[in-house]
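Participant: The structure under discussion is supplied below as structure tokens; questions concerning it will follow.
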Amino acid sequence: MDEEQIAKFKLIELAEKLGRLETFLPIFRKILADIGRTTDRVGFSAAWKGINPMLNLCGISIRKSPERITSWENLEWLEVLKRAYFRSCNQVICMAPHCTECGECGSKLADGHTCEHKDIPDEYSN
Ligand SMILES: [Zn+2]
Ligand SMILES: [Zn+2]
């Protein structure tokens, strides 16, 4: 394959992955939103085993970070979801301040950063 063919192949792969991701996105959101309720019965391990094959189909692989700060253990599940979605860094445990309007990491409200209000999906709020 020459450079053009390789690039075309990669773009096709990207289009397919994005297509799969879009198909699964509402399902992922629903599963994540429901985890707070279902893990009472089945636990987080079972929830993870349920969602992981779908992630693989979408080409998403999640690895455990060995040096994560562990204070997430005290967070309510909805707070975990909100932080992961809302924060620009997408990190649940992040020590930097985050703008309360757009979630930008390392910014405070009205400190002069480019700020656009970001809504949290309904599934992630009460
Ligand atoms: Zn952050
Ligand atoms: Zn902001």
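Quick note: the coordinates plus some simple rules give every number you see, no bench work behind them. Small disclaimer: the values here were computed from a predicted structure and weren't measured. As a convention, Cβ positions derive from the backbone with ideal geometry for all residues, glycine included, and neighbour counts pool all protein chains shown.
Participant: Please give every one of the lysines within straight-line cross-link reach of Lys17, meaning a C-alpha to C-alpha distance under 26 Å, and leave out same-chain neighbours fewer than 8 residues apart.
Facilitator: Straight-line reach from Lys17, under 26 Å: Lys8, Lys30, Lys49, Lys64, Lys82, Lys118.
Participant: For Asn74 paired with Leu25, estimate the spin-label separation in nm (one decimal), with each label point 7 Å from Cα along the Cα-to-Cβ line.
Facilitator: 3.5 nm
Participant: Sticking with this one: Over the Cα atoms of segment 80-126, what Rg and Dmax result, in angstrom?
Facilitator: Expressed in Å, the Cα Rg and Dmax of segment 80-126 come to 10.4, 31.
Participant: Going Cα to Cα from Lys10, which lysines come in below 16 Å? Please leave out same-chain ones fewer than 8 positions away.
Facilitator: Those lysines meeting the cut-off do not exist here.
Participant: Per the Debye formula with a single identical scatterer at each Cα and no solvent contribution, what log10 I(q)/I(0) holds for the chain at q = 0.12, 0.20 Å⁻¹?
Facilitator: Evaluating at q = 0.12, 0.20 Å⁻¹ gives log10 I(q)/I(0) of -0.63, -1.25.
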